[in-house]
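S.K.: Below is a structure I'd like to ask you about.
The values are calculated or read from the model by the stated rules, or taken from the named source; none is laboratory data. These numbers were taken from a predicted model, which means no experiment stands behind them. Because the Cβ atoms are built from the backbone with ideal geometry, glycine has one as well, and the counts that use them run over all protein chains shown. Heads up: the accessible areas ignore ligands, DNA and RNA and are worked out on the full protein's heavy atoms, side chains in. Shrake-Rupley method; radii C 1.70, N 1.55, O 1.52, S 1.80 Å.
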Amino acid sequence: MFQGGIWSKLQGYYKWYVLGLVSVGYILGELGHYLIGTTSKVTADDLHYGDKSCMLNATHLTLSQLPVVCEKVNSTELCESLTLNGTRYCEWGYNGLGIDYQVLAGPAFMAVFTVVGVIIGVVADKYNRARILSFCTLVFVIAIVMMGSVTEYWHLVILRMIMAAGESGCNPLATGILTDLFPEHQRALVLSIFNWGIYGGYGIAFPVGRYIPILDAWGLSWRLCYYGAGIVGILIAGLTFLTLREPERTTIGEEGAGNSKGRDAALESGKKMPQVTIWHVIAQPRILLLCLAASIRHCGGMCFAYNADLYYRDYFPDVDLGWWLFAVTVGIGSVGVVVGGVVSDKFVAKMGVRSRVLVLALSQLVATLPAFGSVIFGPLWAMITLAFSYFFAEMWFGIVFAILVEIVPLSVRSTTVGVFLFVMNNVGGNLPILVDPVSKAIGYREAIMIFYAGFYGISSILFFLTMFLMDGPVERQAEQTHKPSGLDNRAFSQDEIPARSGSRNLPSAPIDNSKL
């Protein structure tokens, strides 16, 4: 009785436990990913990489008090000669920027992340996803721990590549698992919560990367950030291995309803979905345009993620915005993620998957102008407009993957997610490397405006065009005859239908027709 009563109640919460577990793991992976952006200055000073510049070294002074702003000085001699009341207030040193940093933050990570992500996606369609996810989590948390012990720049590059290999499995594996655990009316919300891990890890990186190195606990400085994140990650990897079960794989969305509108002739001829190849799926115009729009939007997000801390330190060295950035990215961003998922889920029944794309287009359009404001204005209004922009901008990620898993067949779902991430991360993750040459040509602020806010606007236009290639609401014949009692009948195989039909005393003719 004890096992039956308590265990049956706990089983009802298991899927939410899985969501929490994989989300925390994703947050830790993204924390390790983005820590390089918030610790880059102290890391560069320790490992000697990147550009050097003149920087303010007196935190008690404001820019209005300085006779000459440090950042406007381009020579070592002049930088070190600047004084206020007989005291030097500038220093010449590594600023954490430059092509070395951009390569470390972007291509070194993305080159491995994208390739291994596709491989893991293919493997996940055939083998136990829960076990693969456990192994991937262990790989990236060990890499994070080891990053705290590096002594050379190239050590950091290699370990970021290893970390990328492990983390690359998190999204396609967890997306497939969560899609099989949760019903359609919760899917966008669930995937939005999971993909919020990107912004959760990124947001937490601000206070962790800014304030822990200053403490210099045990003389570890920036290294303690990586040790702490890695140790917590090892615990999560253990829980993932011990408690995560492989769920039953189910058909969803268009495939589950038998709606194949807009697909190629082979799909319309009545062939079973498992016979569809990955090439049939990714060659669809709607997939290609969705991927292009997501890649452009991802570039805008990555540009801000890799440069936000360094940008605000460079332009407002006398103002500590660490906790503001944390509050905006984690607090406001998380609300936007949830709202986007809820709104998308509410409209999907009436408008079909097209409604999700409409939410994408409108949210990114509304976010564009405030994004420009977060770069143009001073500290206070920059944070206010950033918060407004973030609320709408961060609706996008979970909705994109809710769309993707609903328009591709079960047999290639994880592979498609892996290929989609491969393209999206190669374009969106590597384009920000252009910030360095563009900033040296027209200015750092102007480069951020182009690759961050400008790309938000471009993505909104592309998402809007994608909407016209999507199907409207899916007609489900089973729902027209009776309401399901709790289980989605589409998750059962055809040979189970007669038994279920017989128990309900349904006429035989409709049953035979449903098998045709």
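S.K.: Which count do you get for residues in region 177-231 that are modelled with pLDDT under 85, open to solvent by less than 30 Å² (accessible area, probe 1.4 Å) and of a type in the set (Val, Ile, Thr)?
M.R.: Residues meeting the conditions: 3.
S.K.: Same structure, new question: For Val24, which of the numbered conditions (1) more than 30 Å from Pro432 (Cβ to Cβ); (2) at pLDDT 85 or above; (3) open to solvent by 40 Å² or more (accessible area, probe 1.4 Å) fails to hold?
M.R.: (1) is the only condition that Val24 fails.
S.K.: So, of the residues in region 154-176 that are farther than 14 Å from Arg223 by Cα and over 19 Å from the mean Cα position of the chain (by Cα), which turns out to be surrounded by the most Cβ atoms within 10 Å (Cβ to Cβ)?
M.R.: Per the stated criteria, the residue is Val157.
S.K.: Next question. So which residues in region 378-424 are open to solvent by less than 10 Å² (accessible area, probe 1.4 Å), of a type outside the set (Ser, Thr, Tyr) and within 30 Å of Leu321 (Cβ to Cβ), if there are any at all?
M.R.: Ala382, Met383, Leu386, Ala393, Glu394, Trp396, Phe397, Gly398, Ile399, Val400, Met424
S.K.: Before we move on, is Ile252 at pLDDT 65 or above and under 18 Å from Gly176 (Cα atoms)?
M.R.: no
S.K.: Right, another one. Restrict the check to region 241-249 and report whether at least one residue is open to solvent by less than 20 Å² (accessible area, probe 1.4 Å) and modelled with pLDDT of 85 or more.
M.R.: yes
S.K.: When region 98-123 is examined, which residues are found to be more than 20 Å from Val150 (Cβ to Cβ) and open to solvent by 50 Å² or more (accessible area, probe 1.4 Å)? Don't jump to the end; show me each part of the working.
M.R.: Let us first name the residues in region 98-123 that are more than 20 Å from Val150 (Cβ to Cβ), namely 114-123.
Within region 98-123, Val115, Ile119, Val122, Val123 qualify.
S.K.: Which numbered condition trips up Glu268, out of (1) open to solvent by 10 Å² or more (accessible area, probe 1.4 Å); (2) modelled with pLDDT of 90 or more; (3) acidic (Asp, Glu)?
M.R.: (2)
S.K.: Sticking with this one: Please list, ordered by first then second residue, the pairs with beta carbon atoms under 6 Å, 6 or more apart or interchain, first in region 13-34 and over 22 Å from Ala164 (Cα atoms), second open to solvent by 40 Å² or more (accessible area, probe 1.4 Å) and not basic (Lys, Arg).
M.R.: Lys15/Leu181
S.K.: Pick from Val435, Val417: which is farther than 22 Å from Leu290 by Cα, assigned to a helix (DSSP H, G or I), touching a residue at least 12 places away in the same chain (Cβ under 8 Å) and in contact with a helix residue (DSSP H, G or I) (Cβ under 6 Å, 6 or more places away or on another chain)? I'd like the intermediate steps shown before the answer.
M.R.: On the way: Val417 fails: farther than 22 Å from Leu290 by Cα.
Every option except Val435 fails the conditions.
S.K.: Which of the residues that make up region 457-466 are more than 10 Å from Ala294 (Cα to Cα) and open to solvent by less than 20 Å² (accessible area, probe 1.4 Å)?
M.R.: Filtering region 457-466 down to residues more than 10 Å from Ala294 (Cα to Cα) leaves 457-458, 461, 464-466.
Correct list: Gly457, Thr466.
S.K.: Restricting region 30-78 to residues that are in a loop (DSSP other than H, G, I, E, B) and within 32 Å of the chain's Cα centre (by Cα), which is farthest from Ser439 (Cα to Cα)? Write out each step before concluding.
M.R.: Filtering region 30-78 down to residues in a loop (DSSP other than H, G, I, E, B) leaves 48-51, 57-62, 66-69, 73-75.
Those left that are additionally within 32 Å of the chain's Cα centre (by Cα): 48-51.
Working: His48: 22, Tyr49: 18, Gly50: 15, Asp51: 13 Å.
Out of the qualifying residues, it is His48.
S.K.: How about region 311-406: which helices (runs of 4 or more DSSP H) wholly inside it have at least 2 residues that are at pLDDT below 85 and touching a helix residue (DSSP H, G or I) at 6+ places or on another chain (Cβ under 7 Å)? Step through it out loud before you land on a result.
M.R.: Details: elements: 322-326, 333-351, 353-376, 379-393, 396-406.
Helices (runs of 4 or more DSSP H) meeting the threshold: 333-351, 353-376, 396-406.
S.K.: Could you tell me which residue of region 81-97 is most open to solvent (accessible area, probe 1.4 Å), considering only residues that are more than 24 Å from Met161 (Cβ to Cβ) and touching a residue at least 40 places away in the same chain (Cβ under 8 Å)?
M.R.: First pass over region 81-97, keeping only residues more than 24 Å from Met161 (Cβ to Cβ): 81-93, 95.
In the following step, the residues that additionally are touching a residue at least 40 places away in the same chain (Cβ under 8 Å) were identified as 92-93, 95.
Details: Trp92: 75, Gly93: 12, Asn95: 28 Å².
Here the residue is Trp92.
S.K.: Which members of region 425-448 meet the condition of being under 15 Å from the mean Cα position of the chain (by Cα) and either small (Gly, Ala, Ser) or buried (at least 21 other Cβ atoms within 10 Å of the Cβ) (or both)?
M.R.: Matches in region 425-448: Asn425, Gly428, Gly429.
S.K.: Does region 51-66 contain at least one residue that is open to solvent by 50 Å² or more (accessible area, probe 1.4 Å), free of Cβ contacts under 8 Å to residues at least 24 places away in the same chain and polar (S, T, N, Q)?
M.R.: yes
S.K.: Continuing with the same structure: Can you give me the number of residues within region 303-346 that are small (Gly, Ala, Ser) and open to solvent by 20 Å² or more (accessible area, probe 1.4 Å)? Outline the logic, then answer.
M.R.: Of region 303-346, the ones small (Gly, Ala, Ser) are 305, 308, 322, 327, 331, 333-334, 336, 340-341, 344.
Applying the additional criterion that residues be open to solvent by 20 Å² or more (accessible area, probe 1.4 Å) yields 327, 331, 334.
Qualifying residue count for the region: 3.
S.K.: Let me ask something additional. Criterion first (aliphatic (A, V, I, L, M) and surrounded by 23 or more Cβ atoms within 10 Å (Cβ to Cβ)) does Ala371 satisfy it? Explain how you work it out, then say what you get.
M.R.: On the way: aliphatic (A, V, I, L, M): yes; surrounded by 23 or more Cβ atoms within 10 Å (Cβ to Cβ): yes.
So Ala371 fits the description; yes.
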